[in-house]
Amino acid sequence: MQRKFFTNLILLIFLNLLIKPLWFFGIEVGVQNAVGESTYGFYFVVLNLTLVLNILLDIGITNYNNKNIAQHHFLLQKHLGNIIAIRLILFMLYAIVVYSIAFILRYDAFKIYLLSVLIFNQFLSSFILYLRSNLSGLHLFKTDSLISILDKSLMIIIVGVLLWGNLTHEAFKIEWFVYAQTIAYLITFLITLTAVLRKSGKINVKFDYTFFIAFFKQSYPYALLILLMAFYNRFDSVLIDAILPNGSHSGVIEAHTGHFQAGVYAQAYRILDVASQFGFLFAALLLPIFAKMIKLNENISDMIVLSFTLIIVPAIIISVSSSVFSEGLMQQLYNSGTEYSGPIFSIIILGFIAISSTYIFGTLLTANGSLKALNIMAIVGIVVNLVINITLIPHFEALGAAYSSIASQSITAIAQVLIAYKIFRLRINYKLIFKLVVLAVVTWLTAHYAQLYIKEFWLAFIGTIVFTTAISMVIKLLNIKDLFRIVRDSQLD
């Protein structure tokens, strides 16, 4: 099982390394530079509102289905038709709730229009993730990996042509970015549906009330957990926009408006989002693997150590290095806003360490069905997030949201580790913890002195990452021999 996890993880990371950085740092950064901080911040706020409530499109179906299909492959055809009907009803519920909140927040006509397109995009995106959960549940990791980069690949082509293809003399508009997403999601949805139908055979789409109630009772804890976690992960920008004044208020300098600060926060958040995408790849692979191992009563300790080490070592190196080089990274990526985004990024990127831990231990607890403990943890995270945001945003603007983000991420990550250790009676690996602390200290010192004495920014930054990665191998956090042995002895699906 370790070999299957690692080799499919290599494929998944390789494919995503080809596409995701180009998407985030080429397309998204290009769009933000083209439209400006305030306009992009406007879009970022509306997008995050749809993302926070995205779980209403799913009510935990995807995570539950991934675990369920992994343990009972024969249920695919039986569940597929009913779940498609349920998702269409959930789409209507989702739209009503999102529009209601937009009304409460007094969104103007253009915000509502943009929101409408993004609502449809979220429906397609959520549906694609559900369909992919069937592929990963069947352990068709290779097919799922290829589909995982399809939508972004299409968007790169479409938006790249619009940004740099000189097809029009008009300045790039943020709505073009949203339309490109719609086209890419539609194509990806149709291809993914075809791949699933090849395994399930003919399906009969119908709404079965009895099935819905039974399924909802099983899946709603997953839905509640994802909703709560999305709130303290994604709601910061919405709060920035709601708490701070905007352009309609006379005498407000643009740099201190909600839209501008949300745009600056988006600049800083983007690299964290990129890193988190790769952490999500771990969770997507680990959920069905953990679920199957728990069902078969297999020892999961080795898998936990392997997966945790593989994600936490890069997380420490990237987070600490990026925090030290925060000002330079923001200057390299963006045309403006570095005065604000550098300090924000130096704080928010450290949250990747906590997020990485969550992707391992949170996934383990989800596979085990420990949803009550996870939901209590998530509620605590929301309370922490709200209290800090409401207290700090009026005084520190987006910087206050960054403090809130890292505090809530750290508290919830620690809680998940403690819960997992208690439930699975795991032993504390003091040797591993000591090595990770050493790695963090060495990374900070290396980055600090590289910044002082190496004038070329990228040489200093990349050199820090390469050197500290080598140190992680020297102290045997990453054991290259073992990794090569796993690759040599395994075969991909």
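Are any residues in the range 433-454 loosely packed, with under 14 Cβ neighbours inside 10 Å and closer than 22 Å to F361 by Cα, and if so, which ones?
Once the filter is applied, which keeps residues that are loosely packed, with under 14 Cβ neighbours inside 10 Å and closer than 22 Å to F361 by Cα, the range 433-454 yields I433, F434, V437.
Quick check on my filter: what residues within the range 207-239 are of a type in the set (V, I, T) and at pLDDT 75 or above?
Across the range 207-239, the qualifying residues are T210, I213, V238.
Give the residue, chosen from G36, G41, G30, that is small (G, A, S), surrounded by 20 or more Cβ atoms within 10 Å (Cβ to Cβ), at pLDDT 70 or above and within 30 Å of I243 (Cβ to Cβ).
None of the other options fit; the residue is G41.
Cβ-Cβ distance below 8 Å, separation of 6 or more or different chains: which pairs start in the range 388-411 with a residue that is on the phi > 0 side of the Ramachandran plot and touching a residue at least 60 places away in the same chain (Cβ under 8 Å) and end on one that is of a type outside the set (D, E) and surrounded by 24 or more Cβ atoms within 10 Å (Cβ to Cβ)?
Every condition considered, the pairs that remain are E397/I240; E397/Q261.
Would you check if S125 is touching a helix residue (DSSP H, G or I) at 6+ places or on another chain (Cβ under 8 Å), part of a helix (DSSP H, G or I) and modelled with pLDDT under 90?
Answer is no for this residue.
I want to confirm something. Restricting to the range 243-267 and keeping residues that are modelled with pLDDT under 85 and of a type in the set (G, A, S), which single residue is surrounded by the most Cβ atoms within 10 Å (Cβ to Cβ)?
The selected residue is G258.
Mind checking which residues of the range 335-361 are buried (at least 20 other Cβ atoms within 10 Å of the Cβ) and not in a helix (DSSP H, G or I)?
The answer is G337, I349, L350.
Yes or no: K435 in a helix (DSSP H, G or I), in contact (Cβ under 8 Å) with a residue 40 or more places away in the chain and more than 23 Å from the chain's Cα centre (by Cα)?
Against the criterion (in a helix (DSSP H, G or I), in contact (Cβ under 8 Å) with a residue 40 or more places away in the chain and more than 23 Å from the chain's Cα centre (by Cα)), K435 qualifies.
Only residues that are within 21 Å of F345 (Cα to Cα), of a type in the set (A, V, I, L, M, F, W, C) and modelled with pLDDT of 80 or more: list them for the range 275-318, please.
A275, I311, I312, V313, A315, I316, I317, I318
Restrict the check to the range 367-375 and report whether at least one residue is surrounded by 16 or more Cβ atoms within 10 Å (Cβ to Cβ) and at pLDDT 90 or above.
For the range 367-375, residues surrounded by 16 or more Cβ atoms within 10 Å (Cβ to Cβ) and at pLDDT 90 or above: absent.
The values are calculated or read from the model by the stated rules, or taken from the named source; none is laboratory data. Because the structure is predicted, anything quoted here is derived from the model rather than measured. Don't worry about glycine lacking a Cβ; one is built from the backbone with ideal geometry, like all the others, and counts go over all protein chains shown.
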